[in-house]
Amino acid sequence: MQVRLEQLTKAFESRKKDSVIAVNKLDLTIESGKLIGLLGPSGCGKSTTLFMVAGIHDVTDGKIYFDDRDVTELSADKRGIGLVFQNYALYPHLSVWDNIAFPLLNSKDMKKRLKKQFAEQHSNSPNYKAYINKLVEDAAKLVEITAYLDRKPGELSGGQQQRVAIARAIVKSPSILLMDEPLSNLDARLRIQTRDEIKRIQQQTGITTIMVTHDQEEALAISDEVIVLKDGLLQQQGAPQDVYDNPANQFVAEFISRSQINMVHGKIATNKLYLGQEEWFPLPAPLMDQEVTIGLRYENIKHAMENIERSFTASVTAKARIGGISTVQVRLADGQQITLLNDHDESLRESERLNLVVKPQSILVFNQKGEKILQ
Ligand code: ATP
């Protein structure tokens with residue numbers, strides 16, 4: 001099912017009676033069957049957006065459409081969504097089976113729908129109870145927790161509990177699955193495993209899924225598309241690689257690069273780009289003289305064997321190694337420091353002068369407002 005937001009806005013009244021605009025005129029379309037990573041720093045409005053789509057928060061302004069149906073005023077239980085929360089929100093006193101079956105057995109609308117489905121499908125199950133059991137078992141199988149159906153949530157690991165929560169959300173065949181930071185409570189290893197599981201489950205079911213996360217790596221790894229928010233405003237929507245390669249602005253470039261990007265001061269003067277104070281290369285098209293910030297990702301800066309076109313010189317100030325990644329810090333002529341990956345050359349010495357070169361299409365140039373003006 002397609003999700004479309006039109007000028008979606010949420011303002012919260014604060015105690016001092018001034019209002020916080022948590023989500024600001026958000027326009028976006030999420031195509032049916034996609035897995036979307038809704039991304040941005042703390043407080044940017046991710047959860048508020050998700051909760052408006054879910055029907056948990058009223059909207060202050062704007063519209064929400066599921067396909068062509070306006071659901072803005074529809075209550076949460078009538079939207080056909082599945083919800084997964086960061087803290088799993090399982091019932092501790094119920095077994096895993098009962099937790100998964102809960103939405104099927106405790107909503108009048110759902111019971112009506114299931115009885116109709118049961119009648120229509122001429123199910124192979126001998127009776128309605130067996131039909132429910134099959135739905136629960138199918139959901140448990142999909143998330144691979146069949147072995148734990150008799151246990152209580154407290155007898156499961158965090159990762160297993162989150163799988164139960166996912167099974168509970170998908171057992172009612174929702175049209176849209178909404179996940180609010182589903183991996184945050186898991187340790188690093190389980191996070192990667194569960195993240196890949198979410199991808200597999202989403203691909204198998206084809207349910208349009210929106211996953212809120214503040215972890216860009218998580219979003220880039222599994223999403224078909226990422227949506228980046230800042231201060232309640234949409235910054236960019238696109239395929240992960242496109243957003244990485246062509247960030248819309250300085251904020252997205254820094255947010256998506258997990259800090260592995262240098263932001264170097266420079267300028268444009270008489271249609272030439274200056275790196276620091278040094279003239280670097282002529283611009284492909286004319287641009288106004290101005291101060292700029294140049295974004296250079298660590299991995300795109302390479303050693304050049306000699307002084308070739310567009311190369312620049314810098315001297316080594318430090319080397320560092322974190323896990324399998326080795327970096328070198330170098331100083332430009334005007335004193336600015338930049339960092340690059342030290343791919344091959346372990347023998348670099350302090351103060352050694354290097355010729356460096358950057359692939360032209362990976363040089364990001366931003367104006368003083370942080371808008372991208374050249375790539
Ligand atoms: P996080 O990653 O920290 O969960 P988020 O991006 O999900 O953040 P939201 O929870 O959507 O951000 O919050 C957006 C803004 O709205 C924040 O400034 C927050 O303080 C404010 N806000 C959220 N809920 C309420 C509320 N119930 N009352 C008042 N302000 C709120």
**Odd one out for LYS10, checked against (1) over 30 Å from GLY154 (Cα atoms); (2) out of contact with any strand residue (DSSP E or B) (no Cβ under 7 Å at 6 or more places or on another chain); (3) within 9 Å of the ligand (Cβ to nearest atom)** = (2)
**Asked** So VAL71 clears everything in (1) touching a residue at least 60 places away in the same chain (Cβ under 8 Å); (2) out of contact with any helix residue (DSSP H, G or I) (no Cβ under 6 Å at 6 or more places or on another chain); (3) more than 11 Å from the ligand (Cβ to nearest atom) except one condition, right? Which one?
**Response** (1)
**Asked** Within segment 69-170, which helices (runs of 4 or more DSSP H) (wholly inside it) include 1 or more residues that are closer than 28 Å to LEU183 by Cα and among the small types (Gly, Ala, Ser)?
**Response** 96-105, 128-142, 158-170
**Request:** Give me the pairs, please: first residue somewhere in segment 282-306 and assigned by TED's automatic domain parsing to the domain that holds LYS359, second residue anywhere and small (Gly, Ala, Ser), beta-carbon distance under 6 Å, and either six or more positions apart or on two chains.
**Result:** ASP289/ALA269; VAL292/GLY266; ILE294/GLY266; GLY295/ALA253; ARG297/SER257; ASN300/SER362; ALA304/SER311
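Select from segment 246-259 the residues that are surrounded by 15 or more Cβ atoms within 10 Å (Cβ to Cβ) and in contact (Cβ under 8 Å) with a residue 40 or more places away in the chain and list them in ascending order. Walk me through how you get there before you give the answer.
First, the residues of segment 246-259 that are surrounded by 15 or more Cβ atoms within 10 Å (Cβ to Cβ): 246-257.
Scanning segment 246-259 gives ASN246, PRO247, ALA248, ASN249, GLN250, PHE251, ALA253, GLU254, PHE255, ILE256, SER257.
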**Asked** Counting only residues that are surrounded by fewer than 20 Cβ atoms within 10 Å (Cβ to Cβ) and assigned to a loop (DSSP other than H, G, I, E, B), how many does segment 182-210 have?
**Response** 5
**Asked** So, of the residues in segment 216-245 that are under 19 Å from THR48 (Cα atoms) and surrounded by fewer than 17 Cβ atoms within 10 Å (Cβ to Cβ), which turns out to be farthest from the ligand (Cβ to nearest atom)?
**Response** LEU233
**Scope segment 235-291; condition over 21 Å from ALA314 (Cβ atoms), among the hydroxyl-bearing types (Ser, Thr, Tyr) and in a loop (DSSP other than H, G, I, E, B); matching residues** = THR270
**Prompt:** (1) farther than 30 Å from ASP231 by Cβ; (2) in contact (Cβ under 8 Å) with a residue 24 or more places away in the chain: which one isn't true of LYS115, the others all being true?
**Reply:** (2)
**Request:** Kindly list the number of the only condition in (1) at pLDDT 90 or above; (2) among the β-branched types (Val, Ile, Thr); (3) surrounded by 21 or more Cβ atoms within 10 Å (Cβ to Cβ); (4) within 30 Å of TYR131 (Cβ to Cβ) that fails for THR213.
**Result:** (4)
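The values are calculated or read from the model by the stated rules, or taken from the named source; none is laboratory data. Predicted, not measured: the structure shown is a model, and the values here were computed from it. Positions of Cβ are generated from backbone atoms using ideal geometry, with glycine treated the same way; all protein chains shown enter the neighbour counts.
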